[in-house]
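To start, the structure itself, in structure tokens.
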Amino acid sequence: MFRYPAGPGRDLLAPPRPGRHGLPGVLLTLLLTLLLGAPAPAAWGDGEPSLAAGAVRTTPGRAQFYLTARNLPPGMSLETARVTVRARETGAGEGAGEGAVLPVTVEPAGTAGAGGGDGPDRSVVIVFDASASMSGPPLAQAQDAALDYARAVPSDVRLGLVRVGDRAETLLAPTADRAAFAAAVRGVRAQGSTALYDGVEAGAALLAGEEAGDRRLLVLSDGADTSSRTSLDLLAVRLRGAGAAVDVVAFGEGIDAAALRRIAEGGGGRVRRATRGRELAAAFLSAAAAFSPPVRVTVRVPGELAGRAARLTVEARPAGPAADVPAPGPASTPADAGGVVSTSMAVTFAADPRAGGPGAPPAAVTVAGPPDWLYPAGGGALLAAVALAAAALVRPRRGLDGGRLAQLERFVAHGGAPAGAGIAGGLGVPGAALALTERVVRARGRHERLAVELEQAGMRLLPHEWTLLRLGVAFACAVLLALLLPPVAGILLGPGLGWAGCGLYRRHRAAARARRFAEQLPDALQLVVGSLRSGFSLGQALAALVRESAEPVSTEFGKALAETRLGVDLEDALEKAAERTACRDLSWLVMAIRIQREVGGNLAEIMATAVDTMRERARLRRHVRALTAEGRLSAYVLIALPIGIGGWMFLIRGEYVRPLYTEPLGIAMLGAAVLLVAAGSFWMSRLIKVEV
């Protein structure tokens, strides 16, 4: 009998070879075969026993988890072992000892119990070396061994397959479908070089995507790595942090013993040696036997640990006479001389609602947040803002005389009752708010200017109504930002943003209305030219224009005609309409009418020439706008880019941009950025603006 080396510094018993030792060797081989069955695969490293606990669930007065083991001593299983659980409260000092022993109940994971469930998730990924050196009988033997492994492991174990050739190829993600696994194994073809390290890394990545539980890699290799991009040192580091056990089957004579040992040690597994087909099958079956049936452990939690965080130390020892429980070791310690295997885990026990006495409610949990006064104050302020907005939008009822007065007060000054009289008593609090706002607006001399601005925007609100609406929006913005941001920031920023937002909205409406007026003006004046050529006077032609045209042309010319009925010259009334709409074409037309009135001439021809000029200028304006579209779009993108990115970063990573407004240097940088963006915006606006 002889020994062959199974690794540096270690030899394992192996059957003799008859060709070298004659008849005694043959007889000894037959004797070993009869006593031990098929030749057992040699192994480097015995594979230390270990426990793993997972799928922890806590309920009041109880904690439940699943316990699995691998490489248990012969004759020991979790179903027959004595399981002990100790609990040591997190943060307890050294004087707290090793923790209290808790009462436990152990039952097979597949049985129906109080917790139900089918046990923890268990997954295995086989990394299959299918390089060109495996072609022929070795490939068929390896495929048969993998299929025997699939039949030997429990049915709940999910199996995956990674093929190793020129590169790592995932053939099957972990699945409980044995037919799909068999088809994937049968479809493996041997070709190419050996990217073993890449294959092991791909298998570990597959297991990382699985549910937490018992996760293992089974690596089959018949030679050294030749084409991986991942180094052995990096792979060993990654395997140590992957949380998956790695077993290696070394097949054939051309293996890289040192590399395979490092892979197995990185995953806390073992290396099994096989030189023939029967040894390969036995190696796979030995790896399958490492799966022990899981058990469900139910722990009764004492009242003093309810709602507290603790570290549980779980120990398993062979069944036997009761003995003093030894002190627990560190997490996932191997078996000691007495066969004790242990592991530990952190857990937070559920609070018991009955801990304070029968019928006692659960203890209140205080969550940090905005001050308590902010929510009622914010709600009241929001309601007040809504009331102010409603007051501004609801127009008081007026009789015939009041309505007629509202139409005439825009054109003539009038005396009478003080401003706001008759309104305050009509609508209660809203009416009083409107009356107060009107007195303030008139006292500051802003009434006439606001009236013109509202007319330019086509808004049917009076100046004091618009002012009250802006105040309500500013107040609502302050409340909203105080709820979303720190209260001080919301109070400081909200009113300004709300007030400015209303002003921007009015300017936008005024610009859009002026644009529509300029677009409709040539067609409307063409109608006037036709009326003049038909023998109508200018006033009659303008009256027809008011009847036939759309808003805003009909509105503005209607106001001009109304002013002429009050004694205003037609040219002056049209000039005011040009000022309200900011329309230079209409100003030039008024100038032409004045000249025609003074020196005479054909007014229809003059207006027809003016219409042609307007249309030509509009065509040229549209052409220039089309030519500058690309520049304008670039300017908009460049201006919006820093603002958009800054706002997005503030929303998703507020702590990343916080130094910009909390540190002096950050504030200076933010101020400089704002100034540069403003200067760039002004420069680009001037650059793309073309006067026509």
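The values are calculated or read from the model by the stated rules, or taken from the named source; none is laboratory data. These figures come from a predicted structure and were not determined experimentally. Because the Cβ atoms are built from the backbone with ideal geometry, glycine has one as well, and the counts that use them run over all protein chains shown.
Quick notes
- Pairs meeting the criteria (first residue in the range 168-185 and within 18 Å of A244 (Cβ to Cβ), second residue surrounded by fewer than 16 Cβ atoms within 10 Å (Cβ to Cβ) and aromatic (F, W, Y), beta carbons under 9 Å, at least 6 apart or on different chains) are lacking.
- Residues that are within 16 Å of L196 (Cβ to Cβ), of a type in the set (A, V, I, L, M) and assigned by TED's automatic domain parsing to the domain that holds A145 number at least 2 in the following helices (runs of 4 or more DSSP H) confined to the range 217-289: 232-240, 257-266.
- Qualifying positions in the range 135-172 - outside any strand (DSSP E or B) and under 36 Å from the mean Cα position of the chain (by Cα): D156, V157, R167
- The set of residues in the range 214-251 that are in contact (Cβ under 8 Å) with a residue 24 or more places away in the chain, closer than 26 Å to A53 by Cβ, out of contact with any helix residue (DSSP H, G or I) (no Cβ under 7 Å at 6 or more places or on another chain) and surrounded by fewer than 18 Cβ atoms within 10 Å (Cβ to Cβ) comprises V237, G243.
- Elements of type helices (runs of 4 or more DSSP H) in the range 453-565, at least 3 residues being within 54 Å of the chain's Cα centre (by Cα), at pLDDT below 85 and under 30 Å from T662 (Cα atoms): 463-484, 487-533
- For the residues V125, V106, the requirement of being more than 30 Å from A283 (Cα to Cα), modelled with pLDDT of 70 or more and surrounded by 15 or more Cβ atoms within 10 Å (Cβ to Cβ) singles out V106.
- Residue within the range 628-649 that is part of a helix (DSSP H, G or I), more than 30 Å from G671 (Cα to Cα) and out of contact with any Ser or Thr (no Cβ under 6 Å at 6 or more places or on another chain) present: yes
Let's see how each residue does on (1) closer than 20 Å to E455 by Cβ; (2) not hydroxyl-bearing (S, T, Y):
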position	(1), (2)
E519	yes, yes
S534	no, no
L538	no, yes
V546	yes, yes
V553	yes, yes
A560	yes, yes
R565	yes, yes
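- Within the range 589-601, tally of residues that are surrounded by 12 or more Cβ atoms within 10 Å (Cβ to Cβ) and part of a loop (DSSP other than H, G, I, E, B): 1
- Filtering the range 597-633 to residues that are without any contact (Cβ under 8 Å) to a residue 12 or more places away in the chain, of a type in the set (G, A, S) and at negative phi leaves A626, A629.
- Taking residues in the range 434-445 that are assigned by TED's automatic domain parsing to the domain that holds H464, and partners anywhere that are of a type in the set (D, E) and modelled with pLDDT of 80 or more, the pairs with Cβ atoms closer than 8 Å and at least 6 places apart or on different chains are L434/E465; T437/E465.
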